[in-house]
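What follows is a short report on a single structure.
The values are calculated or read from the model by the stated rules, or taken from the named source; none is laboratory data. Predicted model, so just to flag it, every value in this text is computed and none were measured. With ideal geometry, Cβ positions are generated from the backbone for all residues, glycine too; neighbour counts draw on all protein chains shown. Surface areas here come from the heavy atoms of the whole protein model, side chains and all, with no ligands, DNA or RNA. Shrake-Rupley method; radii C 1.70, N 1.55, O 1.52, S 1.80 Å.
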Amino acid sequence: MIVALDHIAIAVPDFDRAIKRFMEDFGLPYKGSEDVEAAKTSTAFFPLPETSIELVHPLRGEGPIAGYLEKKGGGLHHLCFRSDDIEADVAHLKAKGYQFLSEAPTIGAHNCKVIFIHPKSCDGVLIELNQPQDEHH
Ligand code: CO
């Protein structure tokens, strides 16, 4: 079941400048950045009540965001819906004919389980589903 719009991601060509813009010009709370090796992407999060703005930038100039920036120069990259049972939601959507960019969820930013629905299945919009994993203390 989808439980929240977890974040909105913007692909940015200059990571540091964009972080400064959101932090200093817009005054958003900066939660820090994280390199997601598996996705070859640097991420920076600015949580707002009930959602976050996510900046995404190529990690070491590589990965899917590099291709996106080359083609579009920057822009709104994806919407992310938070799920409380990502495997069940993926199975449900696959049964309805939705295509995904990977077979199963992988680990993304904040150690969440993540999977992307192919934009072809959603009128050209890239949609991510995520599920925070329990943290063991
Ligand atoms: Co995301």
| region 15-131 - Kirkwood radius from inverse mean 1/r over Cα pairs (Å) | 15.1
| query | Under 14 Å Cα-Cα from LYS120, which aspartates and glutamates qualify once same-chain neighbours fewer than 8 residues away are excluded? | reply | GLU128
| task | Would you work out which of PHE26, HIS118, PHE81 lies farthest towards the positive end of the dipole of the chain, given +1 charges on the beta-carbon of Lys and Arg and -1 on that of Asp and Glu, about the Cα centre? | result | HIS118
| message | Classify region 86-137 from the C-alpha gyration tensor, please: rounded if a/c falls under 1.5, else prolate or oblate depending on whether a/b exceeds b/c. | response | prolate
| So which chymotrypsin sites (Phe, Trp or Tyr not before Pro) in region 25-104 pass both tests, a DSSP loop state and at most 13 other Cβ atoms within 10 Å of the Cβ? | PHE26
| query | Which value, in Å², gives the accessible area per residue of the chain when a 1.4 Å probe is used on the protein heavy atoms? | reply | 59
| message | Given the -39500 (n - 2.57) contribution per DSSP H run of 4+ residues, what per-residue ellipticity at 222 nm results for the chain, rounded to the nearest 500 deg cm²/dmol? | response | -5000 deg cm²/dmol
| field | Using alpha-carbon coordinates, inclination of helix 86-95 to the longest axis of the chain, degrees | value | 60
| field | Whole-number percent relative contact order across the chain, with pairs defined as alpha carbons under 8 Å at least 6 apart | value | 26
| field | Selected from LEU69, THR43, ILE53, residue furthest toward positive end of dipole (the chain; charges at beta carbon) | value | LEU69
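Beyond a 23 Å Cα-Cα separation, which of these cross-linked pairs lie in this structure: LYS72/LYS94; LYS40/LYS94; LYS71/LYS94; LYS40/LYS71; LYS31/LYS71; LYS31/LYS72?
Over 23 Å Cα-Cα: LYS72/LYS94; LYS40/LYS94; LYS71/LYS94; LYS31/LYS71; LYS31/LYS72.
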| If you put +1 on each Lys and Arg Cβ and -1 on each Asp and Glu Cβ, how big is the dipole of region 15-131 around its Cα centre, in Debye rounded to 20? | 320
| Carbon and sulfur %, accessible surface of region 15-131 computed with the full protein complex present, 1.4 Å | 53
| note | In region 75-137, the GluC sites (Glu not before Pro) that sit in a DSSP loop and have at most 16 other Cβ atoms within 10 Å of their own Cβ are GLU103, GLU135
| Which of the trypsin sites (Lys or Arg not before Pro) found in region 7-108 are in a DSSP loop and have at most 11 neighbouring Cβ atoms, other than their own, within 10 Å? | ARG60, LYS96
| query | So in the chain, what percent of DSSP beta bridges are antiparallel if you round to the nearest 5? | reply | 75
| What is the magnitude of the charge dipole of region 1-69 about its Cα centre, with +1 placed on the Cβ of each Lys and Arg, -1 on the Cβ of each Asp and Glu, and no other charges, expressed in debye to the nearest 20? | 120
